[in-house]
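Peer 1: Right, I'll just put the structure down here and ask away after.
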Amino acid sequence: MRDRIPVVVHGSGRRVRRAGLAGVLWACAEVITTVGVVVALLVVHQVWWTNRQAAAAAREQVQALESEWGGSSPSSSVEGVPSADPSDASGVPAGEGRGGGSPSSSSSSSSSSAPSLPSAPAARPPAAAAQERAYAVLRIPRLGLVVPVAQGVDKRSVLDKGYAGQYPGTARPGERGNFALAGHRNTHGEPFRYINRLREGDRLIVDVKGRRYTYVVGKVLDETTERDTGVIAPVPRSVVKPDHGYSEPGAYITLTTCTPEYTSKYRLVVWGTLAS
């Protein structure tokens, strides 16, 4: 028998290694693509879908309130407005998290997305359900904004519904003191997204059952820290930038949200006074 001569194939090991490397790279590419798709879907859900849901729910709430108030006549008293609960006031601004609409508070410090600053002394506490239920409507003609207002600045029960939330302990609409509100600037209806466009003299209209209050924008604080508790004090004045704010008692309204957009690093504040 003839001895068999072994056949040596040069480079076969190199091809195997290349094939293995190509497989690893392909698997990595698939993982990266999958992660990218998931992230994109999360962004779409957060930025687009939550806006649609919250904005639609907020519109329905406004319609429900207006229907409920249909037979009521204007009155000098503030009907249906829950008193703020002093036990909810933390003295710490609430953070908006997603730039939505927001400083950081006690009940909402872990989940608040709009600024939630400290509060002034208040009257008797309302029932828990009343705190989360919209009781007023804020209208800003310049922005074409119509948004329901509820008591409290908890993210899940108030702000994420597309509502403006009243800081616990602040004055009720039309009362002497400071009627202070927080709202998302981005996501979840983003009602306060464009309040940076407000200028001196713009109207801020607050409707409650049987009564309308018109405030006039007087001052804007473009940027302050989330712990600037002075901006929602009864006489609002920044403790970070003392040259911004008021020095005399009166009937004020304060709108707060996060700035810059899509961040919660700072707070944007708009102040107004009750028209005589």
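Peer 1: For residue 262 paired with residue 243, estimate the spin-label separation in nm (one decimal), with each label point 7 Å from Cα along the Cα-to-Cβ line.
Peer 2: Here the modelled spin labels are 3.3 nm apart.
Peer 1: A further question follows. Ranking request for peptides 217-230, 53-66: highest mean number of other beta-carbon atoms within 10 Å first, then the rest in descending order.
Peer 2: Working: 217-230: 19.1, 53-66: 16.4.
Put in order of decreasing packing, that is 217-230, 53-66.
Peer 1: Can you work out ³J(HN,Hα) from phi for every residue in the stretch 63-70, in order, using Karplus 6.51 cos²θ - 1.76 cosθ + 1.60 and θ = phi - 60°, giving whole Hz and x for Gly and Pro?
Peer 2: Rounded to whole hertz, the list is 4, 5, 5, 5, 5, 5, 7, x.
Peer 1: Straight-line reach only, C-alpha to C-alpha below 24 angstrom: list the lysines that residue 155 could link to, leaving out same-chain residues fewer than 8 apart.
Peer 2: Hits, sequence-local ones excluded: 265.
Peer 1: Residue 251's amide H: which non-local residues (gap 5+, or another chain) put their own amide H closer than 5 Å, with H modeled 1.01 Å from N in plane and none for Pro or chain starts?
Peer 2: 177, 274
Peer 1: Right, next: Rounded to the nearest 0.05, what FRET efficiency is calculated for residue 142 and residue 68 with R0 set to 25 Å and r the Cβ-Cβ distance?
Peer 2: With R0 = 25 Å, the Cβ-Cβ based efficiency is 0.40.
Values in this text are rule-based calculations from the coordinates and carry no lab data. Only a predicted model underlies this, so the values are computations on that prediction, with no experimental measurement involved. Every residue, glycine among them, receives a Cβ derived from its backbone with ideal geometry; neighbour counts consider all protein chains shown.
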